Each structure stands twice: as C-alpha cells, then as structure tokens.
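The values are calculated or read from the model by the stated rules, or taken from the named source; none is laboratory data. Please read all numbers here as calculations on a predicted model, not as lab measurements. Cβ placement follows ideal geometry from the backbone for every residue including glycine, while neighbour counts extend to all protein chains displayed.
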Amino acid sequence: MHRVVIVGGGFGGLQAALHLRRADVEITLVDRRNFHLFQPLAYQVATGALNPGEICYPLRAIFRGQENVRVVMGEVTGFDLDARELPVRTVLGEERFPYDTLIVGGGSKYNYFGHPEWQHVASELKSLEGALHIRSRILRSLEAAEVEEDPAQRAALLTFAVVGAGPTGVEMAGQIAEIARDTRRDFRLADTEKARVLLIEAGDRVLAAFPPRLSARAFRSLESLGVTPLVDRMVTDLDDESVLVRSGDGEERIPAKTIIWAAGVLAASIAGHLAAATGAKTDNVGRIVVEPDLTVEGHPEVIAIGDMVKVRSEPPYPGVAPVAMQMGRYAARLVRARLDGARAADFRYVDKGNLATIGRARAVADLKGLKLSGFFAWLMWLLIHLWYLIGFQNRLLVFLRWSISFFTHGRGARLITGDEHMP
Ligand SMILES: Cc1cc2nc3c(=O)[nH]c(=O)nc-3n(C[C@H](O)[C@H](O)[C@H](O)COP(=O)(O)OP(=O)(O)OC[C@H]3O[C@@H](n4cnc5c(N)ncnc54)[C@H](O)[C@@H]3O)c2cc1C
C-alpha cells in the first residue's frame, strides 16, 4: 500500500486527506493539535462572540468514517529525506513515520518585523490560545476601567490598538468597537462607549487587497462604528502601556493598554526546516519555493501546500484558505494520478474573490467583477463562512449564536479564563 504522510490538519492538509478518501493509500495525518482550527473566525472567539469549540473540530472526529486515515498528534521535529521517514515528537516520545509521499502544509505565523519581543505585548490571533489570550486582555481592560479612578489611566485602559488593517485587523477593530458599544449597560463607571479603537496601518488605505472604492467604503464603515483608522502610520515601538507610531508628521506615543497584532505573516518554521533539508530556496517571508506541481525541487515525493508555499513560476498567492484548500485538493489529485501512472497538469489557483466583514451587517465583497458593500456583502460573508465551517453541529451552533446576537446585541462568551483572571 502506498503510504502518504500529511503534516498539518489545517485547511490544506485536511483537503488533501479528504480527497484521498477513495484512493488506495494509507494516510497518516500528523498535527501538533488534535483539532482543526477555523482561523477566519478566531477573532470572534477573541471578542466573546463565539466559543472555542464552535470554531474547532477534533481531527479524529473528522476522519472517523475514513478508514484509510490515521491521525497522530505530534510535533514534526525534522525531515529524514534519505530514509523517507518523518520524525515526530508524540506524547510518548520520538516516533518515525515512513512514507512514499509526504505532503507538508504547516501554515504560517505572525510577522513581528524583526521584533519578536513585541509578541509578549501585542497578542496574535493565529492560534486558539492567542484568541483566548486576546479575549482575556480586552475583557480585563474593561474590568480595570470599571475600578480605575484616574481619568488618564482609564482612557488608556479604554484604548485598543489593532496593528494592521488587512481583513483580520479590520474585523477585529470592528468587533472591539461593537463590544464597547454593546456592553455599555453592563458597566456603571467605565463609560465603554468612550472606548477608542485605533486601527493602525502602514499603507495608505485599509483592506489594501480590495479595489480602492471598497477600501474607502470600509474606511467610512469603520468610522461610523467608532473605529479610528490611522493610515500611513508605522508602528516603531510598543510596550505594555503604549504604542509609538511614526507618520509624515513625526512620532507620537499613544497610551493604549491593549494592543493586538494583525500585521503580516511569515511561513511556519517547518517551511524553513523543509527548505534546509531539501536545499530548496525560501522567499522573503520564509515560504518554501516549489515547482509548478507543488513538489519540492529534486524531491518529487515531497509536496508542499498552503500558506508556507511560493510557487516558482507564479507571483505569490494570497495567504488565504481557498489557496490552501485548492492546493490540498491538487496534492491529492497528483498522488492519485501518479498511482494511475498518469500525469497531472500543473497547479492553477482559481481566485474567486475577496470578502471582509467590518461589523454587524457591514462587509465588503469583491467577487469576480461583483463589488458589493453593506448588508448583502455581509450576508454573503456569513453564508460562505457557515458553509466552510467544519461539522454540521458547529454550523448550526454558530448560525444560532449569530442570529441571537444579531437581534439581542449579546455576547455569550465574554469569559476571562486562565491565570490571568487574578488581579
Ligand atoms: C485571524 C485569521 C483570520 C483569517 N481570516 C481568513 C479569511 O477570512 N478568509 C480566508 O480565506 N483566510 C483567512 N485566514 C487565512 C487562512 O486561515 C490561512 O490561509 C489558512 O489557514 C492556511 O491553511 P494551511 O493549511 O496552509 O495552514 P493552517 O490552516 O494554518 O494549518 C497548519 C497546520 O499545521 C500544523 N503544524 C504546523 N507546524 C507543525 C509541526 N511542526 N508539527 C505538527 N503540526 C504542525 C498546525 O498545528 C496547523 O494545524 C485567516 C488567518 C488568520 C490567522
């Protein structure tokens, strides 16, 4: 039996395994987590709109009925390409998994632009832990504002700075503005409606991947929600108390107790390890450069997919789920074609467009010539996210939660958990 080892139960790896359902292969799916995380909705966990379990799904449950998949929880620690074995640190220690084909979809991590120390101050949203940490920080700031008597300190506690105005930053800023507004009656002294939500962007517009007209609409929508978009501003320093921002007019230090990082991504470290093992090149954000059929040069048995990949002959693809999913499906097709002794055409990304939500009933959509903003774009965003969410139960739960919070403006998951609940 042909042995396929897949690294990563993210968008790419999952599709590769699912599309090998009927193939005569034995699949081992390795991930350091025992669940698939639907990253596009992580910001809703970070803002108490959804519970973690509603955007995650256990990998074992996904493959319960697919007999040719074995799920292994463990961290890939390197590559033994000569022996065609994958070393993995499991709960029991180091194990090695032999393969005939290796598919690697390790994803990406946030890029702190040479300042890894900022990570401790400005939390990221790439992981479930990151989302829960941000949730605690936002809610703790509101709690502290309720008891803080000094007006300047209270203002700093009610200032939230989101760095990066791509879709994640815009969604996050919009949601924080909504929390502040929706919870105003829950507090007595903290005037949460006075919260300042700053969206800091080094470029000259928000949602730069969208046409300028939609960017301008998103900008106005953000302002009407109470967000202050600060474009052409570069973050040059940050700490627990403030963020230092440089613009054409000089530098300004803005007091802000909660800083959230949503700027730029780097390929996951595993991309660099694979490149070092195979001698492949990496690009300026650490993505491994692969052949047009997604194989690593000189290693036709190794296929790399998703956020961690740059295809040699193509301009970089956006780091979005559809790219990873299409690459995962392509990898499965390539394996099946090889087993049949056939050739597969090179990978081609079909770009179906871009969507970003800004807040309740506000979104922008740029879908194959169709440019929409407002309620219909938001409805489309909602349906597409529900469609791609894994598991019927999660779809139903998220649909119910969204419906309830749409009408009641409530947020059921405003919980401060972990050690941080202590003062
Ligand atoms: C906050 C946020 C919002 C987003 N919003 C959108 C959106 O609205 N629309 C959209 O299309 N895209 C969005 N994206 C991007 C999208 O989530 C990614 O493009 C997509 O997840 C990439 O899929 P992937 O399979 O390459 O990696 P991932 O989905 O990140 O999966 C990688 C997997 O590899 C595992 N892994 C990594 N290294 C190792 C290792 N050494 N050992 C074992 N396992 C390992 C990880 O645990 C993970 O499960 C968003 C991303 C974020 C962070």
Filter the range 170-209 for residues that are on the phi < 0 side of the Ramachandran plot, assigned to a loop (DSSP other than H, G, I, E, B) and either surrounded by 24 or more Cβ atoms within 10 Å (Cβ to Cβ) or touching a Pro at 6+ places or on another chain (Cβ under 9 Å) (or both) and give the result. A195, E201, R205, V206, A209
Those residues of the range 233-262 that are crowded, with 19+ Cβ neighbours inside 10 Å, away from the ligand (no atom under 16 Å from the Cβ) and not in a strand (DSSP E or B) come to a total of 3
Over the range 347-376, the set of residues more than 19 Å from the chain's Cα centre (by Cα) and aliphatic (A, V, I, L, M) is V350, A361, L367, L370, L372
Might you let me know whether the range 110-119 holds any residue that is buried (at least 17 other Cβ atoms within 10 Å of the Cβ), within 28 Å of Q15 (Cα to Cα), more than 14 Å from the ligand (Cβ to nearest atom) and among the polar types (S, T, N, Q)? no
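Please tell me if A344 is over 23 Å from the mean Cα position of the chain (by Cα), away from the ligand (no atom under 15 Å from the Cβ), surrounded by 13 or more Cβ atoms within 10 Å (Cβ to Cβ) and not assigned by TED's automatic domain parsing to the domain that holds L59.
Judged against the criteria, A344 is a match.
Which is in contact with a strand residue (DSSP E or B) (Cβ under 6 Å, 6 or more places away or on another chain), under 23 Å from G12 (Cβ atoms) and not in a loop (DSSP other than H, G, I, E, B), of W387, W381?
From the options W387, W381, the qualifying one is W381.
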Of the residues in the range 292-310, those that are within 21 Å of the chain's Cα centre (by Cα) and more than 12 Å from the ligand (Cβ to nearest atom) number 1
Scan the range 320-332 and report the pairs whose first residue is of a type in the set (V, I, T) and whose second residue is assigned to a helix (DSSP H, G or I), with Cβ atoms within less than 8 Å and a gap of 6+ or a chain change. V323/G306; V323/D307
Being under 23 Å from A413 (Cβ atoms) and of a type in the set (S, T, Y) narrows it down to one of T228, T168, so name that one. T168
What tally of residues in the range 56-70 results from selecting those that are buried (at least 22 other Cβ atoms within 10 Å of the Cβ) and within 23 Å of the chain's Cα centre (by Cα)? 1
If you check E75, E129, E95, which single one turns out to be within 14 Å of the ligand (Cβ to nearest atom), within 30 Å of Q393 (Cβ to Cβ) and either more than 21 Å from the chain's Cα centre (by Cα) or not assigned by TED's automatic domain parsing to the domain that holds T28 (or both)? E129
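Among the residues of the range 312-329, are any of a type in the set (D, E) and in contact with a Pro (Cβ under 9 Å, 6 or more places away or on another chain)?
Yes, some residue in the range 312-329 is of a type in the set (D, E) and in contact with a Pro (Cβ under 9 Å, 6 or more places away or on another chain).
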Could you list, in sequence order, the residues of the range 81-92 that are without any contact (Cβ under 8 Å) to a residue 24 or more places away in the chain and either surrounded by 18 or more Cβ atoms within 10 Å (Cβ to Cβ) or away from the ligand (no atom under 11 Å from the Cβ) (or both)? D82, A83, E85, V91, L92
Could you check, for the range 89-105, whether at least one of its residues is modelled with pLDDT of 95 or more, closer than 30 Å to M172 by Cβ and touching a Gly at 6+ places or on another chain (Cβ under 6 Å)? yes
Just a yes or no: is a residue in the range 25-45 free of Cβ contacts under 8 Å to residues at least 12 places away in the same chain, more than 17 Å from the chain's Cα centre (by Cα) and more than 10 Å from the ligand (Cβ to nearest atom)? no
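Going through E143, E124 one at a time, which residue ends up being among the acidic types (D, E), within 16 Å of the ligand (Cβ to nearest atom) and out of contact with any Cys (no Cβ under 9 Å at 6 or more places or on another chain)?
Going through E143, E124 in turn, just one is among the acidic types (D, E), within 16 Å of the ligand (Cβ to nearest atom) and out of contact with any Cys (no Cβ under 9 Å at 6 or more places or on another chain): E124.
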For the structure I just gave you, tell me whether T77 is modelled with pLDDT of 95 or more and surrounded by fewer than 17 Cβ atoms within 10 Å (Cβ to Cβ). yes
If L157 satisfies every condition in (1) in the same structural domain as D237 (by TED's automatic domain parsing); (2) more than 27 Å from A262 (Cα to Cα) but one, which is the exception? (2)
The range 263-293: number of residues that are assigned to a helix (DSSP H, G or I) and among the polar types (S, T, N, Q): 2
Has the range 314-321 got at least one residue that is away from the ligand (no atom under 13 Å from the Cβ) and either buried (at least 19 other Cβ atoms within 10 Å of the Cβ) or within 24 Å of A46 (Cβ to Cβ) (or both)? no
Inspect all residues belonging to the range 309-328 and state whether any of them is aromatic (F, W, Y), within 30 Å of E143 (Cβ to Cβ) and either touching a strand residue (DSSP E or B) at 6+ places or on another chain (Cβ under 8 Å) or not assigned by TED's automatic domain parsing to the domain that holds I270 (or both). no
